[in-house]
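Accompanying notes for the structure given below.
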Amino acid sequence: MHGNCKLDATLQKICDYPLTPEAARAMVCTRWAGSDPTGGETRKDVVVTKSRTGPTIYPQLPRADRELLVHQLTAIVLARHPDLDDADRDEVISTVTAQVDDSQVLHGFALSNADEPIFVAYGGEHR
Amino acid sequence: MTTAPVDLDFATVSELGALLRSRDLSPVDLTRHCLRQLDSLGRSLNAVVTVTDDLALEQAARAEAELRSGIDRGPLHGIPYGAKDILATAGIPTNWGAVPFGGQLFDKDATVVARLRDAGAVLVAKLATVELAGGMGYDHPDAAATGAPANPWNVDRWTGGSSSGPSAAVAAGLVPFAIGSDTGGSITMPAAWTGTAGLRPTYGRVSRHGAMALCWTLDRLGPMARNAYDCGLALQAIAGHDPQDPSTSREPYTYTSRAARRTGFRFGVVAGATDGASPEVAANFAESLEVLSELGTLETVTLPQLPYAEVADTIMAAEAYAAFDDFLAAGRSRELTARKAHAHRLAAAVLPAHDYIRAQRIRARAVTWYQELAGQYDALLAPTLGDVSGGVDDAFAYNLTGTFSRELNLAGVLAGAPTISVFNGFGADDLPTGIAFAGARWADNAVLDAAAALEERTPWSRRHPMLAADVMRVRAGGGR
């Protein structure tokens, strides 16, 4: 226990969504829409795969999955830094949410296997 | 010393250089003047971290002796300057603007500091910076060990960051030029808000060795000065290959030994550049375009539609976390002044590596497309910022998005391309506004020449704040 009611409540909320092997498999299926071997599963309020309106690029997650992902990622940060106070915790949640949102946008930009990161080009520019 | 015919506080590097060479002014007297100003006005503005009296007087005495004996190291010989306090200076504390790094000492100068010393320039101060150059997050001007830096045009307003000290010191006439750093706009934005010229040179033009690393693929060092020409003089002194910074180009750089252009430019005006800007910023930009239309052609251009802010945010988060991972893992971000910084960057611990790589892959596309567009012009143009500076006691939104489009800034940040912001008029509350000239990679001289041409045709770069009343009020405890 952290002796921090708000923090404990957050962690409890996270624990409401245990990442069981089935849930993990469901998340994987969500990420790889169109290749879901189960034909779509429902985990609590998180509808996977069949909730999609069409194929998307990883990780164009439904809102509920995105929130779950934010909670789980936040839990990892809080586990590393268990003595953060309420304001810090809110900042972590806000920033993780922004990072997940950024990730959504980045993965909505189509790239090919041949697209190299810029530092490869920078590394050769002055040789 | 005879009476100088120009206002020492606001003289340009060239004007001061002429006085030094005619012996109407000595490097030692000029340095003593700057040291006094820095110690009084500079501290009142929270622009100064360390006044380097002993070193400055020693360097000034050497410059004086050399100039008298006919040794001339060039346009910066005997000229005082300030360095943002993220640049290492041997034996002088380099605090990175942050309480946890207070008193930090390095045994070697940063390459830019060494090069300026070799050019005969005189280091008079380490200047304020947002703590850790803002890389841990901040949403209030007071996010610095030295407190919130006041804007010399109105001490109730902020300078912008993170090169707050360099911009304030130049604007207040405490130093003729300074060296700042820029990862996402930290030179150009405070330049715009303080009515100074600030150049973010091409990535690879200037060595970062000895500068605090925040984001290895984005960090750049550059000059801040009264005008674009002085920025060029300083760039010439600090540019060039450095074996200790493998990102630096082996191509030599010259600014003075060439024919500078003043006409025949081709400008690209970014479509929608004033969307979300204040009416005054839009009006000043329109007036600048009218002047520039006499110097060359203007065409409307559209920047490639890319997720600039998301790419920049992701790269900054990953690299800033990596640059300070031990510090963050130890929970030491809670020692920083900014409340936001206590936990903000911790979130990057769970930013997937492949997202960072993806951002750098999209960035490669951005570079290619930006180069294709910018390569057709001498400079792409947009207002540097959408409004005048905010309150020095006011919180602000910490993000790269907003109603005013900053796409030209972010495109230049990601492309590693040069951008200079110069003073182009006054906005609300008689505060300065800026115009940004962004060029293709390695086209530093094109943007410098274009900006200098605008400055020559307008009065703004010769305007300066009337400091005395405001600063005296602060010093008397009247508060801001």
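Remarks
- So residue B:385, is it part of a loop (DSSP other than H, G, I, E, B) and closer than 30 Å to residue B:446 by Cα: yes
- Residue in segment B:50-57 that is without any contact (Cβ under 8 Å) to a residue 40 or more places away in the chain, aliphatic (A, V, I, L, M), surrounded by 16 or more Cβ atoms within 10 Å (Cβ to Cβ) and farther than 23 Å from residue B:153 by Cα present: yes
- If the condition is being more than 28 Å from residue B:290 (Cα to Cα), open to solvent by 70 Å² or more (accessible area, probe 1.4 Å) and of a type outside the set (A, V, I, L, M, F, W, C), then segment B:213-249 contributes B:243, B:244, B:246.
- Residue in segment B:338-350 that is modelled with pLDDT of 95 or more and closer than 15 Å to residue A:117 by Cα present: no
- Residue, farthest from residue A:109 (Cα to Cα), within segment B:288-330, restricted to residues that are assigned to a strand (DSSP E or B) and open to solvent by less than 30 Å² (accessible area, probe 1.4 Å): B:296
- Pairs, first more than 20 Å from residue B:379 (Cα to Cα) and within 14 Å of chain A (Cβ to nearest Cβ) in segment B:195-218, second part of a loop (DSSP other than H, G, I, E, B) and acidic (Asp, Glu), C-beta under 7 Å, six or more apart: B:208/B:219
- Residue, nearest to the chain's Cα centre (by Cα), within segment B:179-208, restricted to residues that are of a type in the set (S, T, N, Q) and in a loop (DSSP other than H, G, I, E, B): B:186
- Odd one out for residue B:139, checked against (1) over 19 Å from residue B:224 (Cβ atoms); (2) modelled with pLDDT of 95 or more; (3) surrounded by fewer than 24 Cβ atoms within 10 Å (Cβ to Cβ): (2)
- Taking the listed residues B:333, B:278, the one that is surrounded by 18 or more Cβ atoms within 10 Å (Cβ to Cβ), small (Gly, Ala, Ser) and closer than 26 Å to residue B:220 by Cβ is B:333, with no other qualifying.
- In a residue-by-residue description of segment B:357-375, the property of being assigned to a loop (DSSP other than H, G, I, E, B) and surrounded by 22 or more Cβ atoms within 10 Å (Cβ to Cβ) applies to no position.
- Where a residue in segment A:92-120 is more than 8 Å from chain B (Cβ to nearest Cβ) and its partner, wherever it lies, is assigned to a helix (DSSP H, G or I), with Cβ under 7 Å and at least six apart: A:93/A:70; A:93/A:74; A:97/A:70; A:100/A:66; A:100/A:69; A:100/A:70
- Residue within segment B:384-407 that is of a type outside the set (Phe, Trp, Tyr), within 30 Å of residue B:260 (Cα to Cα) and at the interface with chain A (Cβ under 9 Å from one of its Cβ atoms) present: no
- Test: residue B:9 is in a helix (DSSP H, G or I) and modelled with pLDDT under 95: yes
- Considering only residues in segment B:178-194 that are among the β-branched types (Val, Ile, Thr) and within 23 Å of residue B:109 (Cβ to Cβ), the one that is nearest to the other protein chains (Cβ to nearest Cβ) turns out to be B:183.
- Failed item, numbered, when residue B:252 is tested on (1) within 23 Å of the chain's Cα centre (by Cα); (2) surrounded by 16 or more Cβ atoms within 10 Å (Cβ to Cβ): (2)
- Among the residues of segment B:74-111, those identified as farther than 14 Å from residue B:234 by Cα, part of a strand (DSSP E or B), of a type in the set (A, V, I, L, M) and in contact (Cβ under 8 Å) with a residue 24 or more places away in the chain are B:87, B:92.
- Scanning segment A:80-90 for residues that are open to solvent by 30 Å² or more (accessible area, probe 1.4 Å) and modelled with pLDDT of 95 or more, we see that the one that is farthest from the other protein chains (Cβ to nearest Cβ) is A:86.
- Close pairs (8 angstrom Cβ cut-off, 6 or more residues apart or separate chains): facing chain A (nearest Cβ under 10 Å) in segment B:305-319, part of a loop (DSSP other than H, G, I, E, B) and hydroxyl-bearing (Ser, Thr, Tyr) anywhere: B:309/B:401; B:315/B:217
- Candidates B:23, B:62, B:115, filtered to the one that is at pLDDT 95 or above and in a loop (DSSP other than H, G, I, E, B): B:23
- Selection status of residue B:133, under 12 Å from residue B:161 (Cβ atoms), open to solvent by 10 Å² or more (accessible area, probe 1.4 Å) and aliphatic (A, V, I, L, M): yes
- Selected residue (only one of B:282, B:273 is assigned to a loop (DSSP other than H, G, I, E, B) and not charged (D, E, K, R)): B:273
The values are calculated or read from the model by the stated rules, or taken from the named source; none is laboratory data. On a predicted model such as this, the values are computed, not experimentally measured, just so you know. All Cβ positions, glycine included, derive from the backbone under ideal geometry; neighbour counts span all protein chains shown. To get the accessible areas, we keep the full protein, side chains included, count just its heavy atoms, and leave off ligands, DNA and RNA. Shrake-Rupley method; radii C 1.70, N 1.55, O 1.52, S 1.80 Å.
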